[in-house]
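Accompanying notes for the structure given below.
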2 protein chains.
Amino acid sequence: MTPKARPTYSVIAKEAGVSEATVSRVLNGDDRVDQERAAKVLEVVERLGYKKHRAATALASGRTNLIAVVIDNDLSVFSDPFWGTVTSGISRVLMENELQTLLMVTSVSSVDGPVAHYLNTGEVDGAIFFQLHKDALVRKLAKTGLPIVITGSPHAATDFVFVDTDNFGGGHAATKHLINRGCKKVAIIAGDIETVAGHQRVDGYHQAYRELGRVPSKSLTAYGDYSYESGKREMTRLLTEQPDIDGVFACNDLMAMGAIAAIEEKGLTCPDHVAVVGFDDSLVAQTSRPGLTSVRQDIVALGEAAAELMIAQLRNEPVEPRILPTELVIRESA
Amino acid sequence: MTPKARPTYSVIAKEAGVSEATVSRVLNGDDRVDQERAAKVLEVVERLGYKKHRAATALASGRTNLIAVVIDNDLSVFSDPFWGTVTSGISRVLMENELQTLLMVTSVSSVDGPVAHYLNTGEVDGAIFFQLHKDALVRKLAKTGLPIVITGSPHAATDFVFVDTDNFGGGHAATKHLINRGCKKVAIIAGDIETVAGHQRVDGYHQAYRELGRVPSKSLTAYGDYSYESGKREMTRLLTEQPDIDGVFACNDLMAMGAIAAIEEKGLTCPDHVAVVGFDDSLVAQTSRPGLTSVRQDIVALGEAAAELMIAQLRNEPVEPRILPTELVIRESA
DNA sequence: TTAGGTAAAGAAAGCGGTTTCATGCTTCTT
DNA sequence: AAGAAGCATGAAACCGCTTTCTTTACCTAA
């Protein structure tokens, strides 16, 4: 019934014939302890299977070994596998470094909501945020010196530490592919332009055109909201207004699927009449027919990178934002 | 730079003109404190925006307010939105109850691995596990008195507290629907039979047949592994051996998609020649063409229920396993 | 009036580590 | 060879809150 009583410094010190202070030194890697005594302490620790009591350590040292992963409830947290995958990557790496992952799914909006307060009062050693629209909270926290990593690019060009997929490169590759396969008029269905990621994908699209010495007509850019419905709606509109569109880059797979549905409803086929490229290489892309050509991002790696940047900060090592490469996965749709 | 110094009992006691012990009593709802003094304390607490120091509280009281959510790394954690969604539900409810979610993505396999040790030593107040094949670890932990909730049915009929979707009911409804729409020969592509969930879905299928006064031929049951490929492979085999199959219940959406692909490769169409029902009502089901008829489970609710059962246990309230209803979402495929 | 009982509140001892400070011992300086 | 300096080590304070134990004050009963 009772969790077995754990040993404390007191018993270890006694067993090893040293003081508790020495035990502490040994366990914290203080090198100015006699070799033999240190060895003895370690032997006892090993034999007793001793592990430090987290709360006690936290209280005494002021560091909790807890890293918060803050996820905005407002995002499409539910049903989108993205964040879960990132988080698992984060968690794995943190764990390997003796850090714990504290998950907070909440409305991040308020600058002085409970989350803000919580993070502000030294309850965690650092915080990893997921892409957010408003970064007032993050900015405020950063001022307190709390180590922070943002997954996804921060809104403004600040000096926040962040990790992100190469959205620009992905958008560029997707568009380039459409052009290379012979498309003459390539449209784009953008996602949330408010986010940097959304914007960068569009930029990549423009860049691909630019390299051709052309500038895409404004009328070729449609604005969706990452949902299937919006993709379908916008594609229908685009095709109605400009029936000669023969390629489209949708900024995520869901909208791409919507676009394909729209194309087929018009009595056209994909990729013969209109080629489609998505973004994410999600399950949806992999299982659809025609298989969806899509830009793959390594989501687990994104989480791992975030965790690594956090750990580097905790060690006071210099930290650079990290941008992970994408890969175009070619299937039937383009 | 420095996180602003937080007030402690010491200053609150001074401000309110009482002892620290009294402050503690007030803050822990001990009712035998003079009304006026209590009010005074609360006023000061409010004014100073005081919040207890978690580590200190944990050290002194022995309760950490931390609930571990343990996810087995071996599962298809990556790419499957299921776990992430459950976790977000858990986290939200725990948070509302002043509990923190500690995420552990790891190999649960070993009974005395680091996770086991961690959970065993009072670092958390409870643990929520995700469906697992081997429950040796859980069984051992339960013996120590650690409150535990299992998401998904435990393997053996034990007295573990668990929450699960009504897999039996879902399988039954799916099969019934196929029969009702006129299918004469309904096959099933089972998932992992080792798990209770996988088994129950098959049982539901049998039950639907039984209600018709029939018993499905063994040859109508195929075994996949929840992957798209396995669904496609098994469906191809089924149709080759028994071309008159006109309905199939795939135990998840991915296999259902594979099945549809197989059907179309045979030159047949869904639902005209073979009707298909999936399970999960995932994004895949929602965006596929034909839209996939599928059994929906409320995944967020699953997480919320798990958290609620955990909280009930912490309060020493009586706890019953909970089975959540499913809903058949009808689209074009059946 | 006085002994006995009860309830509110303060003093103080932990909880299990970390860290400062003092101590005794060895080593270096001239 | 004596005093300064350097070091490994232990004693003890401390982190912020909980809880037991004591004290104090007030009531009731005889």
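The values are calculated or read from the model by the stated rules, or taken from the named source; none is laboratory data. A quick note: this is a predicted structure, and the numbers were derived from the prediction, not measured. Ideal geometry is used to build each Cβ from the backbone, glycine not excepted, and the neighbour counts take in all protein chains shown. These accessible areas exclude ligands, DNA and RNA; they are computed on the full protein's heavy atoms, side chains included. Shrake-Rupley method; radii C 1.70, N 1.55, O 1.52, S 1.80 Å.
For region A:157-176, give me each residue that is out of contact with any helix residue (DSSP H, G or I) (no Cβ under 9 Å at 6 or more places or on another chain) and either touching a residue at least 12 places away in the same chain (Cβ under 8 Å) or buried (at least 23 other Cβ atoms within 10 Å of the Cβ) (or both). Of everything in region A:157-176, nothing turns out to be out of contact with any helix residue (DSSP H, G or I) (no Cβ under 9 Å at 6 or more places or on another chain) and either touching a residue at least 12 places away in the same chain (Cβ under 8 Å) or buried (at least 23 other Cβ atoms within 10 Å of the Cβ) (or both). Within region B:145-173, the set of residues being in a loop (DSSP other than H, G, I, E, B) and either away from chain A (no Cβ under 14 Å) or modelled with pLDDT under 85 (or both) comprises B:152, B:153, B:154, B:155, B:156, B:157, B:158, B:159, B:160, B:161, B:166. Note on region A:177-196: among residues that are of a type in the set (Val, Ile, Thr) and open to solvent by 10 Å² or more (accessible area, probe 1.4 Å), the one that is modelled with the lowest pLDDT is A:195.
If you go through region A:284-330 and keep only what is within 13 Å of chain B (Cβ to nearest Cβ) and open to solvent by 50 Å² or more (accessible area, probe 1.4 Å), you end up with A:286, A:289, A:296, A:298. Of all residues in region A:244-260, those that are under 32 Å from the mean Cα position of the chain (by Cα) and surrounded by fewer than 21 Cβ atoms within 10 Å (Cβ to Cβ) total 0.
Taking into account only those residues within region A:261-276 that are out of contact with any Ser or Thr (no Cβ under 6 Å at 6 or more places or on another chain) and among the aliphatic types (A, V, I, L, M), which is most open to solvent (accessible area, probe 1.4 Å)? The residue in question is A:268.
If you go through region B:208-226 and keep only what is open to solvent by less than 90 Å² (accessible area, probe 1.4 Å), within 16 Å of residue B:247 (Cα to Cα) and of a type outside the set (Ser, Thr, Tyr), you end up with B:208, B:212, B:216, B:220, B:222.
Looking across region A:10-51, the residues that are within 30 Å of residue B:142 (Cβ to Cβ) and either open to solvent by 100 Å² or more (accessible area, probe 1.4 Å) or within 9 Å of DNA strand D (Cβ to nearest atom) (or both) come down to A:46, A:47, A:51.
Taken across region B:302-313, residues that are more than 30 Å from residue A:262 (Cα to Cα) and assigned to a loop (DSSP other than H, G, I, E, B) do not occur at all. A count restricted to region A:53-73 and to residues that are open to solvent by less than 70 Å² (accessible area, probe 1.4 Å) and either within 13 Å of DNA strand D (Cβ to nearest atom) or over 29 Å from residue B:90 (Cβ atoms) (or both) stands at 9. Among the residues of region B:227-243, the one identified as among the hydroxyl-bearing types (Ser, Thr, Tyr), under 18 Å from residue A:283 (Cα atoms) and surrounded by fewer than 19 Cβ atoms within 10 Å (Cβ to Cβ) is B:227. Total residues in region A:20-62 satisfying the condition of being in contact with an Asp or Glu (Cβ under 6 Å, 6 or more places away or on another chain) and within 14 Å of chain B (Cβ to nearest Cβ): the figure is 1. Among the residues here, residue A:231 does not qualify as in contact with a Lys or Arg (Cβ under 7 Å, 6 or more places away or on another chain) and within 11 Å of chain B (Cβ to nearest Cβ). Set side by side, the residues B:126, B:122, B:191 differ, and just one is in contact with a Lys or Arg (Cβ under 8 Å, 6 or more places away or on another chain), in contact (Cβ under 8 Å) with a residue 40 or more places away in the chain and within 14 Å of chain A (Cβ to nearest Cβ), which is B:122. Among residues that are at pLDDT below 90, open to solvent by 100 Å² or more (accessible area, probe 1.4 Å) and not hydrophobic (A, V, I, L, M, F, W, C), residue B:6 is not included.
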